[in-house]
Amino acid sequence: MGTFTQISQRLYRLFISREENYNMRCDLHVHSIASGMFNAPGLNRICRECYTEPAAVYKRLKRMGMSVVTLTDHDSIDGAEALRHHPDFFLSEEVTVRMPSGTEMHMGVYGITERDHAEIQRRRNDFIALLMYLTERKLFFSANHVFSGLTGRREAEDFHWFESYVPAFETRNGQMWPQSNERAAQLAVKLGKIAIAGSDSHTIAGVGRTYTELRGARTVDEFFAGLRTGHGRIHGAHGSCGKLTADVFSIVRSLFWDKPWTLAMSPLAILVPAFTAGHWLNEIHFCRKWSTAVERGEKRKRMLWDLDSNFEANWAS
């Protein structure tokens, strides 16, 4: 059934009866301890991005009402090992991708296999090669936190690539400034992109508070088939500076517990609010700059091959 329901909205409605029209929810952006080390200079040898064990993430997501569960750790699927036995778990990752302009972006790739992971990691420094692989494998993928400076600088060319070849945009991220999410949602509507949502939580507190919902799906395949045909809905919390500050303090506490010798640096924790406030102001500036630039820009022609940007034509077998 998955192949048929991926072709058109009419077939989707035909094969999913009203009696089966219940809600399936999934937090499509969530991290565990497998996301690795914090990438800031000076911290990349001692502090992890996240200290939450995969089993704890799973339990929290189920308590928060998620029907299916995935992890999107940074360039890693190691956290999946503890969750493979759950029938409602599927494999995903958040890939750090090198764009043709030389910048980096985060891309969520969903419903993958171990072989896919290996090939994705091999190609992630070449966006075009990665794009060809994802298209050939018909994997669902998204541009995450489109108007965020988390991955560094951005170039106008990057948005042209997103416009032409990325089928989905993360339009609600539980860690992002609300207006950043709103601008991403507006751009997704303008370009006809699929909208998805996830908590992007690196601590247990935010897990499952932002999610994507689909009415009528019964399996993971049907969930993504419904998203591809425009039936997904986004729900849940946006980010705030206060929320970010609390999460950083939580990670710092976990660092002290994991490496007691770092307690010698505990007086520096007083700088956390200043750090997060500076980061938050930078995010606001980044969003305003690039959302304005994109809004003023003209629609560009596709750059490599004639690929339907909403991907419906490419999912049919």
> Only one residue in Gly226, Gly239, Gly208 is over 15 Å from the mean Cα position of the chain (by Cα) and either open to solvent by less than 50 Å² (accessible area, probe 1.4 Å) or hydrophobic (A, V, I, L, M, F, W, C) (or both), so which one is that?
Replying inline: Gly226
>> For the range 89-132, which positions are within 22 Å of Arg25 (Cα to Cα), without any contact (Cβ under 8 Å) to a residue 40 or more places away in the chain and open to solvent by 10 Å² or more (accessible area, probe 1.4 Å)?
In response: Phe89, Leu91, Ile112, Thr113
>> Suppose we filter the range 120-143 for residues that are touching a strand residue (DSSP E or B) at 6+ places or on another chain (Cβ under 6 Å), farther than 21 Å from Phe224 by Cβ and in a helix (DSSP H, G or I); how many remain?
In response: 1
>> Residues to consider are Asp200, Asp258, Asp221; find the one that is of a type in the set (Asp, Glu), within 26 Å of Thr113 (Cβ to Cβ), open to solvent by 50 Å² or more (accessible area, probe 1.4 Å) and out of contact with any Cys (no Cβ under 8 Å at 6 or more places or on another chain).
In response: Asp221
>> If I ask for residues that are assigned to a helix (DSSP H, G or I) and crowded, with 18+ Cβ neighbours inside 10 Å, which ones from the range 144-161 would you list?
In response: Asp158, Phe159, His160, Trp161
>> List pairs: first residue in the range 191-217 and part of a helix (DSSP H, G or I), second residue charged (D, E, K, R) anywhere in the structure, Cβ distance under 6 angstrom, at least six positions apart or on different chains.
In response: Leu191/Glu163; Ile204/Arg60
> Do we have Leu187 as open to solvent by 20 Å² or more (accessible area, probe 1.4 Å) and either without any contact (Cβ under 8 Å) to a residue 24 or more places away in the chain or assigned to a helix (DSSP H, G or I) (or both) here?
Replying inline: no
>> Give all pairs with beta carbons closer than 7 Å in which a residue from the range 60-71 that is modelled with pLDDT of 95 or more and outside any loop (DSSP other than H, G, I, E, B) meets a residue that is among the acidic types (Asp, Glu) and open to solvent by 10 Å² or more (accessible area, probe 1.4 Å); count only pairs at least 6 apart in sequence or on separate chains.
In response: Val69/Asp88
> Taking the range 162-184, which residues are in a helix (DSSP H, G or I) and either of a type in the set (Ser, Thr, Tyr) or under 12 Å from the mean Cα position of the chain (by Cα) (or both)?
Replying inline: Ser164, Tyr165, Ser180
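The values are calculated or read from the model by the stated rules, or taken from the named source; none is laboratory data. Note that this is a predicted model, so its numbers are computed, not measured. As a convention, Cβ positions derive from the backbone with ideal geometry for all residues, glycine included, and neighbour counts pool all protein chains shown. In case anyone asks, the SASA skips ligands and DNA or RNA and just uses the protein heavy atoms, side chains included. Shrake-Rupley method; radii C 1.70, N 1.55, O 1.52, S 1.80 Å.
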